[in-house]
Amino acid sequence: MNDESAFLKLCQARRSTRRFSDRPVEKEKVERCLEAARLAPSASNRQPWRFIVFNDPAEKDRLARAVFKGVYSGSDRFNKAPVLVCLLIKESLVVNRLAGIAQGTQYQLVDAGIAGEHFVLAAAEQGLGTCWIGWYDARALLRHLGLRGKAYRAVALFALGYPPTDASTAERSRLPLSDIVSWNEPPR
């Protein structure tokens, strides 16, 4: 498919960035990413997501020491990103919980995923690199934030910053549409 859509070009260009330059990220750019996330749709418009931005080096280091230890130490490299962002959900929303039980889908996590993807696409549009981080100690994160037992759930961390100048722009391997889409019938 040859589509000149600016949005598809952005999706094609977006990469997970695991190394960052030392260049600080402008607060205005982070705020644009957060605004894009704020505008994301959610089940019953409950907007269960919450973001915590760590751009102060000392606070970011304390967070990293809390969540990237032990079996999670392989993710410690993300502490070199200029910004770490925590994506949480507020779990006390009855509508999402009941719908999740009835459908077997945790809609708050789906909602957070949509908001998170809005965040990373807004970052890519501004020339910033991001990486969704799932390998961290979620319990330690909630403890570190003083949120244990307060109806919050850790969903992900994002590393955010400028990619290094030598970052790869090689074509990513993706399955063709014919492998992931079926029309009017179950997948084969």
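Can you find a residue that is closer than 21 Å to residue 80 by Cα and buried (at least 18 other Cβ atoms within 10 Å of the Cβ) anywhere in segment 164-178? Checked against the condition, which is being closer than 21 Å to residue 80 by Cα and buried (at least 18 other Cβ atoms within 10 Å of the Cβ), segment 164-178 yields no hits at all.
Would a scan of segment 96-112 turn up a residue that is in contact with a helix residue (DSSP H, G or I) (Cβ under 7 Å, 6 or more places away or on another chain) and within 19 Å of residue 21 (Cα to Cα)? No, segment 96-112 contains no residue that is in contact with a helix residue (DSSP H, G or I) (Cβ under 7 Å, 6 or more places away or on another chain) and within 19 Å of residue 21 (Cα to Cα).
Against the criterion of being under 30 Å from residue 9 (Cα atoms) and surrounded by fewer than 10 Cβ atoms within 10 Å (Cβ to Cβ), residue 155 does not qualify. For residue 18, the conditions (1) part of a helix (DSSP H, G or I); (2) in contact (Cβ under 8 Å) with a residue 40 or more places away in the chain; (3) not small (Gly, Ala, Ser) are fulfilled apart from (1).
Each row is one residue, and each column tells you yes or no for (1) in contact with a Leu (Cβ under 8 Å, 6 or more places away or on another chain); (2) among the aliphatic types (A, V, I, L, M); (3) at pLDDT 95 or above.
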residue: 61; (1), (2), (3): no, no, yes
residue: 82; (1), (2), (3): yes, no, yes
residue: 92; (1), (2), (3): no, no, no
residue: 105; (1), (2), (3): no, no, no
residue: 108; (1), (2), (3): yes, no, no
residue: 117; (1), (2), (3): no, no, yes
residue: 122; (1), (2), (3): no, yes, yes
residue: 130; (1), (2), (3): yes, no, yes
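Residues that are buried (at least 16 other Cβ atoms within 10 Å of the Cβ), under 15 Å from the mean Cα position of the chain (by Cα) and not charged (D, E, K, R) number at least 2 in the following helices (runs of 4 or more DSSP H) confined to segment 53-151: 107-125. Taken across segment 143-161, residues that are of a type in the set (Phe, Trp, Tyr) and modelled with pLDDT under 90 do not occur at all.
The values are calculated or read from the model by the stated rules, or taken from the named source; none is laboratory data. Nothing here was measured: the structure is a model prediction, and the numbers come from that model. No Cβ is skipped: glycine too gets one built from the backbone with ideal geometry, and neighbour counts run over all protein chains shown.
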